[in-house]
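Peer 1: The structure is given below, and queries will be raised subsequently.
The values are calculated or read from the model by the stated rules, or taken from the named source; none is laboratory data. The model shown is predicted, which means the values in this text are computed figures rather than measured ones. Here Cβ is always computed from backbone atoms with ideal geometry, including for glycine, and neighbour counts include all displayed protein chains. Surface accessibility is based on the protein's heavy atoms, side chains included, excluding ligands, DNA and RNA. Shrake-Rupley method; radii C 1.70, N 1.55, O 1.52, S 1.80 Å.
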Amino acid sequence: MTKETKNVLQRGLENIHHPVSNFIRAQTTSSLFLLFATIIALWWANSDYAQSYQALIHTQLGFFIGDFELKASLKHIINDGLMVIFFFLLGLEIKREVIAGELAQAKNRRMLIICAMGGMVCPALIYSGFNWSLDSQIGWGIPMATDTAFALGVLTMVRKHIPSSLVAFIVGLAIVDDVGAILVIAIFYTQEISLMHLLSACALIGFLGVANYAGVRQPLFYFIIGVAAWWAMLKSGVHPTVAGVTIALTIPAQPKLASGKWLEKAKSIISAIQNKSKNMDVLGNKGHHEQVLKVRDFAERASTPLRRWEDALDLPVVLFILPLFALANAGVVINLSSFIESVQHPVGLGIISGLILGKLIGISGACWFALKFNIGCLPDKVDLNHVIGASLIAGIGFTMSTFIATLGFGDQDTALHVAKTSILLASVLTAILGLLYLRFVSTKA
């Protein structure tokens, strides 16, 4: 193969690699995979193969060592195991946003917190109004949640017609919303509590916090102690996803030493390599290979564990965990009678009204209040009309709402079926309304 042919081939591979890499990293990727998995689950549950779908998600998996046996259904492994990784990633994002993101500035933080509180309290009150004194009142947390991935995916469809700062506003709003949802899960969706296991989990998480303060940076250490904390939280009765978030808050957010020092060392190594040889041969020359590895190590020490782990988990969560969750939980039987039942049932009325009207009134009303009394401010080029459209988009509650529904109605098949159907219906309606408003109303205001 000639040198010219090699160069052409390399350029061709780069032309293929970069678009694919950009696509995978794009904000819309998560929503596309979620949507695809949801469609498959809905088709499967409503097809002639519905029985195989139910058999699959309830398949028992596990292992045993002597008399010790550990097994659970595939659905429980996804919801109580893999989703912990999603919540861990969520915790990393929350910590980064509080330290260096939209929530780092007090003026932005006040507005986002006020809007998020309105977007949580109002839907919960509407749901409670429809389900007052009924057993189904336990589902009041369902319409509080916002699905960040789907919300951002929908926003990209009108990206040309909205200010870019509105996307950042939605991300910040969803993060505060997620913090509220996590607290609701931890406090209100916990059954019997084993105090011994809960204290053990808290002690292990506290130990991780001390290790962070002491300068421990080894990933294996955090992994081993983190798994032990997750297991203790699981046995305590508190949902283990709470462990995922709290463990994430202990992950180091600063490099061990100043970034500048490590980068200067990396520069000196690169300069030495360039002075010794014009052509790098990292495959055949062991010395060159070791020098490149040193540069990699210095670059890693100059970065933060929090950011590295966030980047490392992003693709597995987007491409694997969230679609698996949708596949295992979105398979509801849908027909005209189920839609009619949903809009007539107190659970369905509460969820649909909460996600559409509750989010709209709660977020927009709270924003108007904060602007009226000069409590907070909006990002540049964003006004109340944009917030109204964003509040409609925030009514897409698919992932988190479905997750809370499985916690609240785990042993109530009818209520859970109505809840899942209502979440799907409300999420589609509020997405359409939000798109239409942002495209045709807010742009003319």
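Peer 1: Using amide H atoms built in the peptide plane, which far-off residues or other-chain residues are under 5 Å from SER73 H to H?
Peer 2: LEU61
Peer 1: Now for a separate question. When a/c is below 1.5 the answer is rounded, else prolate if a/b is larger than b/c, else oblate, so apply that to region 299-429 with a ≥ b ≥ c taken from the square roots of the Cα gyration tensor eigenvalues. Spell out each step's value before the answer.
Peer 2: On the way: a/c = 2.75, a/b = 1.16, b/c = 2.37.
Note, shape of region 299-429 comes out oblate.
Peer 1: Still on this model: Can you give me the relative contact order of the chain as a percent, contacts being Cα pairs under 8 Å and 6 or more apart?
Peer 2: Answer for the chain is 28 percent.
Peer 1: Enumerate the helices in the chain for which the Kyte-Doolittle hydropathy averages 1.0 or more and the C-alpha atoms extend at least 30 Å along the helix's axis, using complete DSSP H runs. Kindly include the intermediate steps, with their values, before the conclusion.
Peer 2: Numbers: long enough: 3-25 (32 Å, -0.87); 106-130 (36 Å, 0.92); 164-188 (36 Å, 2.33); 413-436 (35 Å, 1.52).
Answer set is 164-188, 413-436.
Peer 1: I would also like to ask the following. Under the Kirkwood approximation applied to all pairs of distinct alpha-carbon atoms, what is the hydrodynamic radius of region 43-132 in Å? Write out the running numbers ahead of the final one.
Peer 2: Details: mean 1/r = 0.0566 Å⁻¹.
Across region 43-132, the inverse of the average 1/r is 17.7 Å.
Peer 1: Label region 104-236 by shape, choosing from rounded, prolate and oblate, from the square roots a ≥ b ≥ c of the eigenvalues of the Cα gyration tensor; if a/c is under 1.5 it is rounded, and otherwise prolate applies when a/b is larger than b/c, oblate when it is not. Don't skip to the answer; put the middle values down first.
Peer 2: Numbers: a/c = 2.46, a/b = 1.26, b/c = 1.94.
Note, shape of region 104-236 comes out oblate.
Peer 1: Right, next: Beta carbons within 10 angstrom, averaged per residue: use that to sort the peptides 210-216, 243-249, 126-132, highest first. Mind dumping the intermediate values first?
Peer 2: Numbers: 210-216: 12.6, 243-249: 24.3, 126-132: 19.6.
So the order, starting with the most tightly packed, is 243-249, 126-132, 210-216.
Peer 1: Okay, helix-only estimate at 222 nm for the chain: each DSSP H run of n ≥ 4 adds -39500 (n - 2.57), divide by all residues, round to 500 deg cm²/dmol; what do you get? Intermediate results must be reported in sequence, preceding the final value.
Peer 2: Values: 21 runs with 306 residues, N = 445.
Calculated from helices alone, the mean residue ellipticity at 222 nm is -22500 deg cm²/dmol.
Peer 1: Using a 1.4 Å probe over the heavy atoms of the protein chains, calculate the carbon and sulfur portion of the accessible area of region 295-445 as a whole percent. Numbers along the way, then the final one.
Peer 2: Values: 4020 of 6140 Å².
Here it works out to 66 percent.
Peer 1: Something else now. Please list LYS420, LYS160 in order of solvent-accessible area, largest first, computed with a 1.4 Å probe with all protein chains present.
Peer 2: Numbers: LYS420 20, LYS160 195 Å².
If we order LYS420, LYS160 from most to least accessible, we get LYS160, LYS420.
Peer 1: I would also like to ask the following. Over all directions, the average projected area of the alpha-carbon convex hull for the chain comes to how many nm²?
Peer 2: Values: hull surface 114.2 nm².
In nm², the orientation-averaged hull projection of the chain is 28.5.
Peer 1: Under 1.5 on a/c is rounded, so check that first for region 158-250, then, if it is not, pick prolate when a/b is larger than b/c and oblate when it is not; a ≥ b ≥ c are the square roots of the alpha carbon gyration tensor eigenvalues.
Peer 2: oblate
Peer 1: What does the accessible area per residue of the chain come to in Å², with a 1.4 Å probe and no ligands, DNA or RNA counted? Before the final figure, lay out the partial values.
Peer 2: Working: 22760 Å² over 445 residues.
Per residue, the chain has 51 Å² of solvent-accessible surface.
Peer 1: If packing is taken as the average number of other Cβ atoms within 10 Å across a peptide's residues, how do 321-332, 396-407 rank, most packed first? Before the final figure, lay out each step's value.
Peer 2: Numbers: 321-332: 22.2, 396-407: 26.8.
The packing order, highest mean first, is 396-407, 321-332.
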